[in-house]
Amino acid sequence: MNKLITLSLVTISSLYATEVELSPIAVESTIITEVAQKAQTSADVAQALSDHVPAIDISRRSGIANDIILRGQKRDNITVEVDGTKVYGACPNRMDPPASHIVANQIDTVQVIEGPYDVTTFGTLSGGVKITTKKPSKEEKVELNLGFGSWGYNKFGATAQGGNEKIRFSVTASMESSDQYEDGNGDTLATQIDKYVGSNPALQGVKLKPQYHDMDAYSKKSAMAKVYIETLKNQELRLSVTANRSDDVLYANSKMDAIYDDSNLYNIEYNIDAINDIYKNINIQYYHTDVDHPMGTDYRRSSISMPVMTNWLTTDMDGIKFKNSFDINSYKLLIGLDGSKRVWDGHYEKNHIPTGIKSIDNTITKNAAIFAKLNKNFGNLNVEIGARYDDTSIENDSFQNNDYTGFGANIITTYNINRSNQILFALGQAYRVPDARELYFVGKTGNRVGTPDLDQVKNQEIDLGYNFDGDDFSVKIKTFYSKLSNYIYIKKGVATNAFSNIDAKVYGAEISGSYYINDDMTLDMGASYKRGKKDAPLAGQTDTDMADMAPLRGNVALNYEYARNSIATLEVRASQRWDTIDSDNGEQILAGWAIVNAKVKHAVNKKFDLTIGVNNLLDKTYAQSNTYADLILITAGGTSDVMLMNEPGRYIYTNLDFKF
């Protein structure tokens, strides 16, 4: 099901200080009202989504560039697109997840698809995130954004746009940096490592070198430019380019850090509207993305007595999509073609000299697909049917090649009982192919961790939902049951063929709602629960619990609009104890937690907004991300727990936003 969330990131992507505005949420073609113009805080795109979508959790990796977990699914089990461009990271250890390659202050809307209900995108197995950035306007204006916060956080962003009836443009640039955050105990990223090593003294090599012990957590620079040209009546050429440059990003509970992470996104789109009464739209799009990501032990003590180890990875993606929209006697029909080619390559170095071992040896994934969607209203009943056929080949210079075909389809129905009540039923099937890491990844000693003969994954899912939108309150309830066939799972401690296909089930529910106390005050809430079970434990193991299935979590927020466009927010976020875990594969029990956040966003005038806030007001020490073995994290091995990453402690911040 689709949830449309307008994220007006008024300031640039920031550490725990990004402004987020929520617009009405749409379930398929029906709009229901939650809380409009609601401002909250987030670390980055992943944090913003986890704060506002009950189905999404965050995988904490660093002070920035965190990952999205949707209904317990991450990596290639979900997809991320920006303006129709499919985005991948290069790091097999998720130091550069797809959402980190987006200029957050230019986000207009984010559509979260929960389940196998997107036939327009390659590989949408269990859900997807579609990000749309702001279109340039002919209105001439300039925006400046400044932000400051605890732990030396600072940011600067600027956007300019303008044009006329024929051509419009926008240009934006931003830069930000931060010291290492401190958890509720006052421990920085470096001292969190020190404490873990204190209990595991054999791991001295993972500590930061003395000269880097207090280094910044990261620095990041981003830029984006767009040009829209009206070539003929109802025809438009759309050009955009995005560049991200992140440097010296610390990953405390990983064995390596990102030396840099550079990405570029290029997009060319030609759009034709109103061709005739039946043929409504043609859209042709070509895109290219590339990522350059070396990660190494340069800042760790292990490189004092041993060589500096580097795993240098790159990925390039080229894609083309052709969509045709028709309106035939009130039937809305979309037919499209989709094709892409991704190249993923990586090699190891010692003291910056190649060792001759390839971590991923020039793997090329080619996909060609045809898809269609048909939508029709039958009175109060809306029916949408979608289908997609994929033909995918995966080639590798070192191991076997693989070919996959898959047919995905879905039906989504919504029935409006009356103006306030709506019920939803959806049934879908989708596939995703293994990626190069799962098939072919090689360790630094030459052992093949990947399993070259993996099957593709199939998800068969049913979703039920109910929405109520009344004068005094609104509520949205969703449940789902997902049957996963040949799901790709990693087994802890296995040096070769570590990945295997298993069968599993995932089920859960989400609820969100708002109570309108009066014209100025609103009480919002959201919660989610999920469980996952393997049909059978992995060979030699006994645990049938699925990894990454966070426990019951929720939030309650009181919003008070004390003046026009000025809002004060007091929020409590909480999580149940995480004790249903895959202990055989690296997860550990996490204590329950509750934190308090507070913020005031004040519109000084039409051209100046001031935001002051504090996250984790009571300075609690807690961790919300678990340690499943699909990430390579610091561990003493054996029965020892993997190193956890604590969340940030009390964080005080301010944002200043100017419009001219």
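Among the residues examined, Asp257 does not qualify as charged (D, E, K, R) and either surrounded by fewer than 22 Cβ atoms within 10 Å (Cβ to Cβ) or more than 22 Å from Ile102 (Cα to Cα) (or both). Flag: Ile69 matches the condition of being at pLDDT 90 or above, assigned to a strand (DSSP E or B) and closer than 30 Å to Lys444 by Cβ.
Given the structure, is Asp469 over 24 Å from the mean Cα position of the chain (by Cα) and of a type outside the set (A, V, I, L, M)? Considered against the rule, which asks whether it is over 24 Å from the mean Cα position of the chain (by Cα) and of a type outside the set (A, V, I, L, M), Asp469 comes out as yes. When Tyr181, Tyr212 are screened for being surrounded by fewer than 19 Cβ atoms within 10 Å (Cβ to Cβ), at pLDDT 95 or above and among the hydroxyl-bearing types (Ser, Thr, Tyr), only Tyr212 passes. Summed over the range 492-512, residues that are in contact (Cβ under 8 Å) with a residue 60 or more places away in the chain and assigned to a strand (DSSP E or B) total 6.
Candidates Asn311, Asn324: the one that is within 20 Å of Pro97 (Cα to Cα), of a type outside the set (Lys, Arg) and part of a strand (DSSP E or B) is Asn311. Restricting attention to the range 44-58, the residues that are assigned to a loop (DSSP other than H, G, I, E, B) and either modelled with pLDDT of 95 or more or in contact with a helix residue (DSSP H, G or I) (Cβ under 9 Å, 6 or more places away or on another chain) (or both) total 1. Among the residues of the range 586-606, are any small (Gly, Ala, Ser) and more than 30 Å from Lys533 (Cβ to Cβ)? There is at least one residue in the range 586-606 that is small (Gly, Ala, Ser) and more than 30 Å from Lys533 (Cβ to Cβ).
Could we say that Val80 is among the hydrophobic types (A, V, I, L, M, F, W, C), in contact with a helix residue (DSSP H, G or I) (Cβ under 7 Å, 6 or more places away or on another chain) and open to solvent by 10 Å² or more (accessible area, probe 1.4 Å) here?
Details: among the hydrophobic types (A, V, I, L, M, F, W, C): yes; in contact with a helix residue (DSSP H, G or I) (Cβ under 7 Å, 6 or more places away or on another chain): yes; open to solvent by 10 Å² or more (accessible area, probe 1.4 Å): yes.
Yes, satisfied.
Here Glu143 does not fit the description of being among the acidic types (Asp, Glu) and open to solvent by 40 Å² or more (accessible area, probe 1.4 Å).
Summed over the range 528-560, residues that are touching a strand residue (DSSP E or B) at 6+ places or on another chain (Cβ under 6 Å), surrounded by fewer than 18 Cβ atoms within 10 Å (Cβ to Cβ) and more than 25 Å from Glu647 (Cα to Cα) total 4.
Can you tell me which residue within the range 283-333, out of those that are out of contact with any Lys or Arg (no Cβ under 6 Å at 6 or more places or on another chain) and among the basic types (Lys, Arg), is farthest from Glu384 (Cα to Cα)? Filtering the range 283-333 for residues that are out of contact with any Lys or Arg (no Cβ under 6 Å at 6 or more places or on another chain) and among the basic types (Lys, Arg), the one farthest from Glu384 (Cα to Cα) comes out as Arg300.
For Asn362, state whether it is over 25 Å from the mean Cα position of the chain (by Cα), under 30 Å from Phe468 (Cα atoms) and of a type in the set (S, T, N, Q). No: the conditions fail for Asn362. Looking only at the range 109-139, filter to residues that are closer than 29 Å to Val171 by Cα and of a type in the set (Gly, Ala, Ser); which one of those is most open to solvent (accessible area, probe 1.4 Å)? Looking at residues that are closer than 29 Å to Val171 by Cα and of a type in the set (Gly, Ala, Ser), I get Ser137. Do we find that Ile412 is more than 24 Å from Asp630 (Cβ to Cβ) and surrounded by fewer than 19 Cβ atoms within 10 Å (Cβ to Cβ) in this structure? No, not satisfied.
Considering only residues that are hydrophobic (A, V, I, L, M, F, W, C) and closer than 30 Å to Phe425 by Cβ, which ones fall in the range 114-172? Talk me through it step by step, then tell me what you get.
Looking only at the range 114-172, we keep the residues that are hydrophobic (A, V, I, L, M, F, W, C), and these are 119, 122, 125, 129, 131, 142, 144, 146, 148, 151, 156, 158, 160, 167, 169, 171.
Hits for the range 114-172 are Val119, Phe122, Leu125, Val129, Ile131.
Each residue in the range 316-335 was checked for being surrounded by fewer than 19 Cβ atoms within 10 Å (Cβ to Cβ) and of a type in the set (Gly, Ala, Ser), and 2 of them qualify. Within the option set Leu590, Leu523, being of a type in the set (A, V, I, L, M, F, W, C) and either over 25 Å from the mean Cα position of the chain (by Cα) or open to solvent by 50 Å² or more (accessible area, probe 1.4 Å) (or both) holds for one residue only, Leu523. Whenever a residue of the range 210-226 is in a strand (DSSP E or B), its partners that are of a type outside the set (Phe, Trp, Tyr) and open to solvent by 40 Å² or more (accessible area, probe 1.4 Å), lying with C-beta atoms within less than 6 angstrom and at least six residues away or across chains, give the pairs Ser219/Asp247; Lys221/Met175; Lys221/Arg245; Ala223/Ala173; Ala225/Val171; Ala225/Val241. Contact annotation: residue pairs with Cβ atoms under 8 Å, 6 or more positions apart or on different chains, pairing a residue in the range 107-125 that is under 16 Å from Val433 (Cβ atoms) and of a type in the set (A, V, I, L, M) with a partner that is in a loop (DSSP other than H, G, I, E, B) and at pLDDT 95 or above, are Leu125/Ile78; Leu125/Pro116. For the residues Arg61, Arg94, the requirement of being part of a loop (DSSP other than H, G, I, E, B), in contact (Cβ under 8 Å) with a residue 12 or more places away in the chain and surrounded by fewer than 23 Cβ atoms within 10 Å (Cβ to Cβ) singles out Arg94. Contact map, the range 640-658: first residue touching a residue at least 24 places away in the same chain (Cβ under 8 Å), second residue assigned to a loop (DSSP other than H, G, I, E, B) and aromatic (Phe, Trp, Tyr), Cβ cut-off under 6 Å, separation 6 or more or different chains; pairs are Glu647/Tyr622; Pro648/Tyr181; Tyr651/Tyr16.
Close Cβ contacts (under 8 Å, 6 or more residues apart or on different chains) running from residues in the range 448-460 that are touching a residue at least 60 places away in the same chain (Cβ under 8 Å) to residues that are assigned to a loop (DSSP other than H, G, I, E, B) and of a type in the set (Ser, Thr, Tyr) comprise Asn459/Ser126.
Filtering the range 344-374 to residues that are crowded, with 18+ Cβ neighbours inside 10 Å, in a strand (DSSP E or B) and not hydroxyl-bearing (Ser, Thr, Tyr) leaves Trp344, Asp345, Gly346, His347, Glu349, Ile360, Asp361, Asn367, Ala369, Phe371, Lys373. The conditions of being free of Cβ contacts under 8 Å to residues at least 40 places away in the same chain, closer than 30 Å to Asp520 by Cβ, surrounded by 14 or more Cβ atoms within 10 Å (Cβ to Cβ) and more than 24 Å from the chain's Cα centre (by Cα) are not met by Ala574. A residue that is among the charged types (D, E, K, R) and in a loop (DSSP other than H, G, I, E, B) occurs somewhere in the range 246-257. Being farther than 30 Å from Tyr348 by Cα and open to solvent by 70 Å² or more (accessible area, probe 1.4 Å) holds for only one residue in Asp277, Asp273, and it is Asp277.
Among the residues of the range 382-421, the ones that are farther than 22 Å from Gly127 by Cα and in contact with a Ser or Thr (Cβ under 6 Å, 6 or more places away or on another chain) come to 3 in all.
The values are calculated or read from the model by the stated rules, or taken from the named source; none is laboratory data. Quantities reported herein were computed from a predicted structural model and do not represent experimental measurements. All Cβ positions, glycine included, derive from the backbone under ideal geometry; neighbour counts span all protein chains shown. Quick note on the areas: whole protein, heavy atoms, side chains included, nothing else; ligands and nucleic acids left out. Shrake-Rupley method; radii C 1.70, N 1.55, O 1.52, S 1.80 Å.
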